[in-house]
Amino acid sequence: MDAFSRNIITASLVLFALFLIGVAIKSRSKSDNLRSYAVGSITFTPLSVALALAASLTSAATFIINPGFISLYGLSAYLAFGVVMPLAIFVALAFLIKRFRKYGVNVGSLSIADWLGKRYNSKFLQILFGFLSILLVTFIVLICVGITKVVAKALDANEIYVLITVVAIVFGYIMLGGANAMVYTNSLQAVIMIVVAGIMLTSGAEQLFAGEGSDMFSQLAAIDPDLVKPFNEKSPLFRDFFEVVVCNAIIGIAIVCQPHILTKSLLLKKDEQVNRFLIYSVLILILFFSVVFTGFYARLHFPDLTMNGEALQMDGIISAYVVSKFSVYVSILLIIGLIAAGLSTLEGLIQSIPTTITNDLILPLLGSERADRSAITINRWVAVGIAVMAVLLSVDQLRSPNLSVGIFAQNGVYAFFSAAFVPVLFGIFTKTQNKWLAIISSLIAVGTHFSIYYFELTPYMKGVDVKNPAVASALALILSTLVGLVIYLVKPAKSTVKVNKDKPVTAF
């Protein structure tokens, strides 16, 4: 890309950044306490919240990183990330959102940790998940790396400088505006992502419907026969039915238990809006999850996975595809769309993780309630600390990833929602007050996940350079669910759940 094109792209990105900062400043006056910062202080429509949810669920992983897996490993990766996991997510949304909202609204929860602490009347559980939320920083790293790859490739700029600029801008405007800024910007980003998804999905359509022998899958098979097999034995992540289907189905259900997903339902002020919100969300998500199909187009564009004689890293395949495939003006739109895909989830994480650490870890450990303005100050200092941590970890992933930053992020994120799944599931669908069910199952999930991954406890982990976090997480989820079920059956449920001594809340 020539200097003139890079200048146009630079100017466009600057204007986009200024717009996002302007939105944050506009909404700042509405975020004057920790609750309004966390869940918003104004009324949003079901469509705007659905756009925000869809944008949060389909981040840089879906638009930038996961298509790279499809480019490398073909149909098996597509079945995992483009079919099985989305279907599981849709089912989980339908079953979990309404029940979580019902209890979340009743007790005024600001986060998953806050919700669990109140649901089981356990300060320890709240603090535990306040601490475990630090694991979600790995997802921030994935998105920062993804956005950095796109911008650095488009501008031919130093990745480290781009990374620092991205982190400073995004953390800055979210710290200004909180949930109000997040929903405004998420909605805008989702609209851009819809346009970008359409362009990317049609960018290789002529190959998909070509004549027999020259269609897309025939060409892929000519490059590597394993690219068109439902299970790719040569891959580290998609070797058999268990890895492709079972693991991704379990994880797709559990992934909805992340704080920046379930808490979106609290932005709706009326219960009758929830059904429309869910319908809008699923329709938009179907389009967004389909974008991983672009990985097939990219592999045909780079059959030997090189560009200008240089080998492409997996995380940079889609960035290279966009820059080399499209004209400069279409590239600008696609680049902004890919950035928007990353920012949408990044904003949710930047808003939710510091809030969780502040509200559920720091303030409880201090042993006293802090005024709203004091809590907001602590929250913003926590956000600064997370920004620094994100930069340091992202630099390491840019320089020496283990195949992909996606593996690093999955290991942390999957561990978190493995821990959250059983407490949230039983908290939503049963009347149990047994805090030990939640605590023990969470600790078992985390311990099982990291033990399997780092001690190579299954055949899937032994003798491989790239380990599959999905296997560790799926087994952790199965074991912790069984343990939780045993504890639940041993100690029958009670009829009410006490949020505190003065305010009992009837269970579902």
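No lab work stands behind these numbers, since they all come straight from the coordinates. As the structure is a computational prediction, the values presented were derived from the model and not from experiment. Cβ sites come from the backbone with ideal geometry, for glycine too, and all protein chains shown count toward neighbours.
Laid out as a table, the results:
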read-out	value
Distance-filtered residues of region 282-298 - backbone nitrogen under 20 Å, label point 7 angstrom along residue 214 Cα→Cβ	297-298
Unit charges on C-beta of K, R, D, E only; dipole of region 228-357, Debye	280 debye
Computed Rg/Rh of region 383-496, alpha carbon atoms with Kirkwood Rh	1.09
For region 236-380, the Rg and Dmax computed from alpha carbons only, in angstrom	20.9, 61
Largest-first principal axis extents, alpha carbons of region 125-166, Å	47, 13, 9
Restricting region 296-383 to GluC sites (Glu not before Pro) in coil, as DSSP defines it, with at most 11 other Cβ within 10 Å	369
Equivalent ellipsoid semi-axes, region 290-349, via Cα gyration tensor eigenvalues times 5, rooted, Å	22, 14, 11
For 216, 389, order by how many other beta-carbon atoms lie within 10 Å, fewest first	389, 216
Across 153/234; 102/435; 149/229; 269/435, pairs whose alpha-carbon gap is larger than 26 Å	153/234; 149/229; 269/435
DSSP-assigned coil residues among trypsin sites (Lys or Arg not before Pro) in region 250-341, each with at most 12 further Cβ atoms within 10 Å	269, 270
Residues whose placed amide H lies under 5 Å from that of residue 307, excluding near-sequence neighbours	312
Globularity index of region 275-320, i.e. its alpha-carbon radius of gyration over 2.2 N^0.38 Å	1.66
Lys/Arg +1, Asp/Glu -1 at C-beta; region 354-490 dipole; positive extreme among 401, 452, 376	376
